[in-house]
Amino acid sequence: MGTRHAESPTEATINRLVLWNVDLTLVDVTIVTRDAYADAFRMVTGRPLVKLAPAMGRPDSEIIFETLAINGIVVEDQHLPRFLDALAVSFASKHKRLAKEGRTMPGAKDALKAVARLDGVVQSVLTGTIKGNAVHKLTAFGLDKWVDFEVGGYGEEVYPKATLLQVAQGRAKDKHGVPFTAQNTVLIGDSTRDVQAARIGGASVIAVASGRSMAAELHEAGADIVLPDLTNASEVVAAVARLTSPVDRKAG
C-alpha cells in the first residue's frame, strides 16, 4: 500500500502523451513478421501463402483482408478473428528469433529512455500491430520498460489510425485523469500514414525518415518536425518538449 501511495503524486503530474509507431520507427522485425503471417495463413486457410500484402503503415486487420483477397480467398466473417488469433500464436512461437533476426532502429532505446525523463510524460504505442505482438517486439529488445501498453492503440482494433489515436488519448485520460489533445499529444512515426493520422486524429507529429517514406514526403504530408533518425536523443526530447508546450508552438 505504501508503494502505491508513493507513486500517486507522480501519476497526478502526467500531462504529456507520446505515442510511438513500432515497425521501422522503434524496431525492424520484418523477416519474423512475414514468417508469422505465412504460418497464420496456412493455419486459417490450409493453403500456403503465395503473396503477402505490403504493410505500408497499415493495421494488421487491413493487411489480413488484402492478403486473403490477393491469394484468392473469399473473405468471410470468421476469417479476421481466426487470422488474428493465429497470427498471435504464430508470432509468440517465434519470439526468440526477434532479437537474433531483427534489430532496434538506430537510437530508439536511448530516445525512449530520454523522453521518459521529460516531466509529465507517459509513453505508449500507436501501431498497426496487434497488442500481443507489439509487446513481444518491444520486449525482445528491452524497450518495453519505458512503454505503458495499457494506453496504446493496436492493430486488432478495426479503426482508422486517426481514430485509434483518439482511442489511445481516451485511455490515457481514463488512467491519468487529464485530457489529451493536440496540445499535449505527440505521435512519433516513420510513414506518411502516421503523419496523416496525427493531423486528422489531433496530435503533433515527429516524423523519422527511417522507414519507407522519404524526409521530403514526410514534410509534405504535414509533419511538425522531421528527423533523419532517432540517434540524437536530446533532439528528440527537445522536439517532444516543444510540441507539448502550447506557448512554444508555432501557429500553423
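The values are calculated or read from the model by the stated rules, or taken from the named source; none is laboratory data. Everything numeric here is computed off the predicted structure, so don't read it as measured data. Neighbour counts are summed over all protein chains in view; Cβ atoms, including those assigned to glycine, are modelled from backbone coordinates with ideal geometry. For the accessible areas, the whole protein counts, side chains as well, though only heavy atoms, and no ligand, DNA or RNA atoms are used. Shrake-Rupley method; radii C 1.70, N 1.55, O 1.52, S 1.80 Å.
Values computed for the structure shown
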item: Lone qualifier among Ala223, Ala216, Ala207 - being assigned to a strand (DSSP E or B), of a type in the set (Gly, Ala, Ser) and modelled with pLDDT of 95 or more; result: Ala207
item: Which numbered condition Val195 fails, given (1) within 18 Å of Ala223 (Cβ to Cβ); (2) without any contact (Cβ under 8 Å) to a residue 60 or more places away in the chain; (3) out of contact with any strand residue (DSSP E or B) (no Cβ under 8 Å at 6 or more places or on another chain); result: (3)
item: Given (1) under 18 Å from Ala238 (Cα atoms); (2) touching a strand residue (DSSP E or B) at 6+ places or on another chain (Cβ under 6 Å); (3) among the acidic types (Asp, Glu), number of the condition Asp119 does not satisfy; result: (2)
item: Unmet requirement for Val135, which otherwise passes all of (1) assigned to a helix (DSSP H, G or I); (2) open to solvent by 20 Å² or more (accessible area, probe 1.4 Å); (3) under 26 Å from Arg242 (Cα atoms); result: (3)
item: Test: residue in the range 199-219 that is within 17 Å of Val240 (Cβ to Cβ) and among the acidic types (Asp, Glu); result: no
item: Any hit, the range 149-164, residues being part of a strand (DSSP E or B), more than 11 Å from Val18 (Cα to Cα) and of a type outside the set (A, V, I, L, M, F, W, C); result: yes
item: Breaking point among (1) without any contact (Cβ under 8 Å) to a residue 60 or more places away in the chain; (2) outside any loop (DSSP other than H, G, I, E, B); (3) under 19 Å from Glu101 (Cβ atoms), for Gly142; result: (2)
item: So Ala239, is it of a type outside the set (Asp, Glu) and more than 19 Å from Pro106 (Cα to Cα); result: no
item: Leading residue by the ranking (nearest to Phe91 (Cα to Cα)) among those in the range 32-60 that are of a type outside the set (Val, Ile, Thr) and open to solvent by 70 Å² or more (accessible area, probe 1.4 Å); result: Arg34
item: Residue within the range 78-91 that is outside any helix (DSSP H, G or I), modelled with pLDDT under 95, surrounded by fewer than 16 Cβ atoms within 10 Å (Cβ to Cβ) and not basic (Lys, Arg) present; result: yes
item: Conditions (1) under 30 Å from Lys173 (Cβ atoms); (2) outside any helix (DSSP H, G or I): number failed by Leu112; result: (2)
